[in-house]
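The values are calculated or read from the model by the stated rules, or taken from the named source; none is laboratory data. Everything numeric in this text was worked out from a predicted model, so none of it was measured. Positions of Cβ are backbone-derived with ideal geometry, glycine not excepted, and every protein chain shown enters the neighbour counts.
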Amino acid sequence: MSIKTAQESGLALCPKCHKLNDMEEGADIHTTMQCTRCHGMFYPRKPHSLQYTLAWNIAALLAFIPANIYPIMIIYSVGIGDPNTILSGIGEFVDHGLYPIAAIIFTASIIVPLLKIVGLFLLVYRVHTGVRLRPDKHSKFYHALEFLGPWSMLDVFVVALLVAVVELGFVTSVSAGPAINYFTLTVIFTMIAANSFDPRLLWDKDQSNENAKEKNDC
Amino acid sequence: MNTTKDTSQLIACLQCDALYDTPILKQGQSAKCIRCGSILAERKVDSIERSFYWSLAGIMLSVPAILLPIMGVTLVGQYHHASLLDCILALIEHGFIMIATLVFLFTLAVPIVRLLGAFYITSSFKFNRLKPSLLHFFRAFHHLDNWAMLNVFMLGIVVSMYKLLDDTELSVNMGLLAFILWLICSTMAASSLDQDYIWQELENKFVD
Ligand SMILES: [Zn+2]
Ligand SMILES: [Zn+2]
């Protein structure tokens, strides 16, 4: 037995207030609709979802390169500046034996952004080709990516705190480095990319396959 | 093809579009989509009351949480401390305007607007002052969901403490306590707000 979807029943879900709306005769998933409950305009599926996801994803990847090359903060001690990149900052925690903290920053700053970028490329590719698409697995993966996104801002907040707290004039002070701009852009771009992806596309392909199978069986 | 079913008797999964009959839920119950496992509908316990008081407490706590110093450092006899607002001002001073703007939005503006929004909606329900404009207000309210990052900032405080512990004398200030309480209040205010219930009530009143 297969599950019926809203789309097959000629219904579309408002993404804002979760009200089901009747689709007009002849309307398809890219026709703008107005919600009867909240009066917002919406599409039954996010239009050009894959293209937008891909574009924001490429932007995120490009910004991630300078984010790791340039220093994210510069620590001044008696007038001498010591530039720190994201990776050298993690290395310092390792040197001090603070492995859990090093692991947290490494996960938030390196693993999560890369996982999001690679993961979204993979999801876009799988939806586009429809080959080996596993909606149950892939939708869980997508939600994990979406949940992890904001945690990548960790390093930016740490730098902001250090810049504000460590302000002891000539003795020692901290300044942010150019990488903080690129890194923040990476995080924002991956968040927008994940937001542009419509997880229902994962199931739409599956549904049409199943329907085709059922027709063949008859 | 076009089934003329009453759409209020049906709900669809936001994540996979599967269609179900609207489940009848008691307070505290939730329904899950059998296909993708995400939550379809939820009926929260005492939603309006709880969200009202959490958001009221959050609004009051936001002032000390933002203005009181969170932590300070002492090195060779010199002391300096900083609050959440100081972080934003320091970034502006160093010329990082974009970062300052984003930190301002994620840790200050969005959380405050969400608290005020939750307070406005729940107090309208509590004191029976429902207006049609609430429909538009509540719709705009949802755009903010992903962009409040107080919890991430909290982890940032912990990490920077470890970073400072080694070379300086670290002191913790009242601002940290206020910030933690603020974080708890805004999380609770958001999670106790029953969106399905509010939409249903607004629809019954203002949409024919
Ligand atoms: Zn709507
Ligand atoms: Zn589902």
Does residue B:6 satisfy the condition of being surrounded by fewer than 17 Cβ atoms within 10 Å (Cβ to Cβ), away from ligand 2 (no atom under 14 Å from the Cβ) and either facing chain A (nearest Cβ under 9 Å) or within 13 Å of residue A:11 (Cα to Cα) (or both)? yes
Hey, does the range A:33-55 have a residue that's hydrophobic (A, V, I, L, M, F, W, C), more than 16 Å from ligand 1 (Cβ to nearest atom), within 30 Å of residue A:87 (Cα to Cα) and crowded, with 20+ Cβ neighbours inside 10 Å? no
Can residue B:141 be described as hydrophobic (A, V, I, L, M, F, W, C), within 10 Å of chain A (Cβ to nearest Cβ) and farther than 20 Å from residue A:177 by Cα? yes
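So which residues in the range A:15-24 are facing chain B (nearest Cβ under 8 Å) and more than 9 Å from ligand 1 (Cβ to nearest atom)?
Answer for the range A:15-24, where residues must be facing chain B (nearest Cβ under 8 Å) and more than 9 Å from ligand 1 (Cβ to nearest atom): A:20, A:22.
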Identify all residues within the range A:4-20 that are surrounded by fewer than 19 Cβ atoms within 10 Å (Cβ to Cβ) and without any contact (Cβ under 8 Å) to a residue 60 or more places away in the chain; write none if there are none. A:4, A:10, A:15
Conditions (1) in contact with a Ser or Thr (Cβ under 7 Å, 6 or more places away or on another chain); (2) farther than 22 Å from residue A:183 by Cβ; (3) assigned to a loop (DSSP other than H, G, I, E, B) -> residue A:36 fails only (1)
Only one residue in B:39, B:70, B:66, B:99 is within 30 Å of residue A:203 (Cβ to Cβ), of a type in the set (Val, Ile, Thr) and touching a strand residue (DSSP E or B) at 6+ places or on another chain (Cβ under 9 Å), so which one is that? B:39
Sole residue being over 30 Å from residue B:14 (Cβ atoms) and more than 14 Å from chain B (Cβ to nearest Cβ), chosen from A:84, A:68: A:68
Tally up the residues in the range B:35-56 that are within 16 Å of ligand 2 (Cβ to nearest atom) and in contact (Cβ under 8 Å) with a residue 60 or more places away in the chain, please. 2
I need every pair where a residue in the range A:175-190 that is in contact (Cβ under 8 Å) with a residue 24 or more places away in the chain and outside any strand (DSSP E or B) has its Cβ under 7 Å from the Cβ of a residue that is acidic (Asp, Glu) and buried (at least 24 other Cβ atoms within 10 Å of the Cβ), sequence separation at least 6 or different chains. A:183/A:155
Can residue B:65 be described as away from ligand 1 (no atom under 16 Å from the Cβ), in contact with a Cys (Cβ under 6 Å, 6 or more places away or on another chain), more than 10 Å from every other protein chain (Cβ to nearest Cβ) and more than 27 Å from residue A:3 (Cα to Cα)? no
Unique residue being more than 8 Å from chain B (Cβ to nearest Cβ) and in a loop (DSSP other than H, G, I, E, B) when the list is A:12, A:55, A:60, A:27: A:27
Of the listed residues (B:171, B:123, B:191), the one being among the hydroxyl-bearing types (Ser, Thr, Tyr), over 18 Å from residue B:47 (Cα atoms) and surrounded by fewer than 19 Cβ atoms within 10 Å (Cβ to Cβ) is B:171
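In this structure, is residue B:202 within 14 Å of chain A (Cβ to nearest Cβ), of a type outside the set (Lys, Arg) and not in a helix (DSSP H, G or I)?
For residue B:202, the condition - within 14 Å of chain A (Cβ to nearest Cβ), of a type outside the set (Lys, Arg) and not in a helix (DSSP H, G or I) - is not met.
Confirm whether residue B:11 is part of a loop (DSSP other than H, G, I, E, B), free of Cβ contacts under 8 Å to residues at least 60 places away in the same chain and not assigned by TED's automatic domain parsing to the domain that holds residue B:182.
So residue B:11 fails the test.
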Within the range B:21-35, is there a residue that is out of contact with any helix residue (DSSP H, G or I) (no Cβ under 6 Å at 6 or more places or on another chain) and surrounded by 18 or more Cβ atoms within 10 Å (Cβ to Cβ)? yes
